[in-house]
Structures are given as C-alpha cells and as structure tokens.
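Inspection log for the structure reproduced underneath, given as structure tokens.
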Amino acid sequence: MSNAIGRNWDEVRKELFTPEEILESDLRVSIIGELIKAREEKGITQKKLEEISGVKQPVIARLETGKSNPQLSTILKILASLGKTLAIVPMELESNINLNS
C-alpha cells in the first residue's frame, strides 16, 4: 500500500475497498440522502416522522447518520409515510467499476 498523503479520497478508497464495497457504500449514501431530502422537503422533524411512520426517532436518527443497517420494512415504512417509494432502476456505473470481473 502506498502513502496516502497527497492523494484524493477516490484513489485511497479504490486501494482499500473492492468495487463491490464502493458501490454498496455509494448506494447506501444515496438512499440515506434521498430519505433525508424527502423528510426535509416535507418540513418535518425526525420526531414528527416517528409519529406518522411508527418508526422510533432514535432508529430514524441512526438510519440518517448511517449508524445502522435497517431492515427493508423499516425503510419502506418511512418512505411510505413521506409519500415516497423505493424503485429498482438501472444503475449508471462508472467506467472503472466492473462487477463482472
């Protein structure tokens, strides 16, 4: 492993993680970001989201900070309460990530 000083994060993470791990991390960040954005667009707090979704506020907080690995059912409850759904769509992979190798 070469010295990380003077290198950007993308270079370092490509050295430390597999393409699959990077993709999973990026997807997780994207989903969490969209969930936070949906809540904020509705102008509601985590506490209010607890009231309308039935998911406890500390669970929502851990999800939003990436400190938990919630079940799909939990994510779907939150999204439904925000008037959103989860869609399966084609990914746009960076040209340097090849999952078939």
Of the numbered conditions (1) part of a loop (DSSP other than H, G, I, E, B); (2) modelled with pLDDT of 95 or more, Met91 satisfies every one except a single condition; which is it?
(2)
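Report whether or not Ile22 is part of a helix (DSSP H, G or I) and in contact with a Lys or Arg (Cβ under 8 Å, 6 or more places away or on another chain). Before the answer, list the steps.
On the way: part of a helix (DSSP H, G or I): yes; in contact with a Lys or Arg (Cβ under 8 Å, 6 or more places away or on another chain): yes.
It is true that Ile22 is part of a helix (DSSP H, G or I) and in contact with a Lys or Arg (Cβ under 8 Å, 6 or more places away or on another chain).
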Could you please tell me which pairs satisfy a Cβ distance under 6 Å, a separation of 6+ or placement on different chains, a first residue in region 32-48 that is free of Cβ contacts under 8 Å to residues at least 12 places away in the same chain, and a second residue that is assigned to a loop (DSSP other than H, G, I, E, B) and among the aromatic types (Phe, Trp, Tyr)?
none
Name the residues in region 19-60 that are farther than 25 Å from Val89 by Cβ and hydrophobic (A, V, I, L, M, F, W, C), would you?
Ile44, Ile52, Val59
Would you point out the residue of region 47-75, among those that are assigned to a loop (DSSP other than H, G, I, E, B) and among the hydroxyl-bearing types (Ser, Thr, Tyr), that is surrounded by the most Cβ atoms within 10 Å (Cβ to Cβ)?
Ser68
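When you look at Ile44, is it among the aliphatic types (A, V, I, L, M), surrounded by 15 or more Cβ atoms within 10 Å (Cβ to Cβ) and at pLDDT 95 or above, yes or no?
Numbers: among the aliphatic types (A, V, I, L, M): yes; surrounded by 15 or more Cβ atoms within 10 Å (Cβ to Cβ): yes; at pLDDT 95 or above: yes.
Judged against the criteria, Ile44 is a match.
I'd like to know if region 76-84 contains one or more residues that are closer than 30 Å to Glu15 by Cα and either modelled with pLDDT of 95 or more or acidic (Asp, Glu) (or both).
Filtering region 76-84 for residues closer than 30 Å to Glu15 by Cα gives none.
No, every residue in region 76-84 fails to be closer than 30 Å to Glu15 by Cα and either modelled with pLDDT of 95 or more or acidic (Asp, Glu) (or both).
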Checked region 7-38 for anything surrounded by 12 or more Cβ atoms within 10 Å (Cβ to Cβ) and aromatic (Phe, Trp, Tyr); matches are Phe17
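The values are calculated or read from the model by the stated rules, or taken from the named source; none is laboratory data. The model shown is predicted, which means the values in this text are computed figures rather than measured ones. Using ideal geometry, Cβ is built from the backbone for each residue, glycine included, and neighbour counts are taken over all protein chains shown.
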